[in-house]
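Just below is one structure, and these are the notes that go with it.
The values are calculated or read from the model by the stated rules, or taken from the named source; none is laboratory data. Quantities reported herein were computed from a predicted structural model and do not represent experimental measurements. In this analysis, Cβ positions are derived from the backbone assuming ideal geometry, glycine residues included, and neighbour counts consider all displayed protein chains.
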């Protein structure tokens with residue numbers, strides 16, 4: 001994974017990421033995974049999945065998270081915290097990128113930036129961040145917050161990304177000097193405050209963690225957050241290939257327009273260099289023909305047609321002896 005400030009044009013080769021959460025996207029996948037239910041939240045299972053993804057050539061694994069478990073339904077209702085899971089597998093892998101979901105609305109920006117910078121150190125420069133921005137009333141109540149209207153939510157997501165990026169830059173690359181002769185561990189002139197002020201929070205800084213190995217971590221954000229100019233990767237969905245392509249084009253156009261507006265107003269370039277990469281979110285169904293009949297949902301469960309609205313289902317057409325479901 002690379003510093004977003006050095007990226008110019010998207011690479012020509014296909015990039016693949018895997019969401020390594022639970023047994024798969026299908027609500028009944030955990031019952032047919034071939035593992036005991038207790039193993040779904042066991043660290044060993046995560047280690048096996050991420051190692052398999054690395055060996056298969058995936059560029060990145062993402063780790064989903066939310067402030068609360070699902071209230072009802074056939075899905076697994078427990079998980080380990082995403083940042084902790086990423087830190088665990090960071091020492092068990094050596095090539096694949098690791099991007100946990102951290103929520104901007106239920107996590108203090110300073111702690112969020114610190115946790116991600118620490119993950120980048122632990123992984124030797126392989127950390128990313130999937131920007132979560134829950135506005136659910138119950139989720140926000142877990143930290144004593146009131147529901148946010150959409151404009152305030154979008155503003156807060158943008159502000160937290162800006163604050164995190166500023167905090168990752170508070171230590172210059174050569175701030176740590178480790179001069180035993182003089183007893184100086186760091187050059188304090190090269191550690192800076194950011195004095196960030198937004199409508200919902202302020203951060204003075206500096207970060208407690210030295211500059212991450214990447215400098216700036218790779219930021220992945222859903223298209224709905226409208227932060228294409230701030231993200232390195234934008235996540236888009238759609239019900240067919242044309243819809244995904246249209247949304248990808250819209251993301252890139254919005255990023256170019258934002259950069260032009262910033263330059264025209266004298267604000268300099270946008271937070272990223274050029275249009276972001278765009279990842280299409282797909283629910284991949286293995287053994288698509290037999291899956292619905294062989295692995296029905298429990299009585300009373302809502303129907304499942306390949307994932308949540310806006311995400312593209314893709315049948316792989318295999319004839320495996322069992323039918324796991326994975327998201328990539």
- Flagged in the range 155-185 as outside any helix (DSSP H, G or I), touching a residue at least 12 places away in the same chain (Cβ under 8 Å) and either farther than 19 Å from residue 119 by Cβ or within 24 Å of the chain's Cα centre (by Cα) (or both), in numbering order, are 169, 170, 171, 172, 174, 175
- Odd one out for residue 107, checked against (1) exposed (fewer than 15 other Cβ atoms within 10 Å of the Cβ); (2) at pLDDT 95 or above: (1)
- So residue 138 clears everything in (1) outside any helix (DSSP H, G or I); (2) modelled with pLDDT under 95; (3) under 23 Å from the mean Cα position of the chain (by Cα) except one condition, right? Which one? (1)
- Task: Kindly indicate whether residue 148 is crowded, with 16+ Cβ neighbours inside 10 Å and not in a loop (DSSP other than H, G, I, E, B).
- Result: no
- Scope the range 208-223; condition within 28 Å of residue 151 (Cα to Cα) and assigned to a loop (DSSP other than H, G, I, E, B); matching residues: 216, 217
- Go through the range 238-253 residue by residue and tally those that are surrounded by fewer than 14 Cβ atoms within 10 Å (Cβ to Cβ) and more than 13 Å from residue 282 (Cα to Cα). 4
- Just give me the residues in the range 109-143 being over 26 Å from residue 228 (Cβ atoms) and in contact (Cβ under 8 Å) with a residue 60 or more places away in the chain, in sequence order. 118, 121, 124, 138, 142, 143
- Query: Does any residue of the range 55-76 turn out to be surrounded by 15 or more Cβ atoms within 10 Å (Cβ to Cβ), in contact with a strand residue (DSSP E or B) (Cβ under 7 Å, 6 or more places away or on another chain), over 28 Å from residue 135 (Cβ atoms) and modelled with pLDDT of 90 or more?
  - Reply: yes
- Residue in the range 84-114 that is nearest to residue 219 (Cα to Cα), counting only those that are part of a helix (DSSP H, G or I) and in contact with a strand residue (DSSP E or B) (Cβ under 7 Å, 6 or more places away or on another chain): 112
- Flag for residue 176 being modelled with pLDDT under 95 and closer than 27 Å to residue 211 by Cβ: yes
- Filtering the range 118-137 down to residues that are over 20 Å from residue 222 (Cβ atoms) and out of contact with any strand residue (DSSP E or B) (no Cβ under 7 Å at 6 or more places or on another chain), which residue is surrounded by the fewest Cβ atoms within 10 Å (Cβ to Cβ)? 124
- Item | the range 115-131 - residue that is part of a loop (DSSP other than H, G, I, E, B) and either at pLDDT below 95 or touching a helix residue (DSSP H, G or I) at 6+ places or on another chain (Cβ under 9 Å) (or both) and, of those, farthest from residue 208 (Cα to Cα) | 126
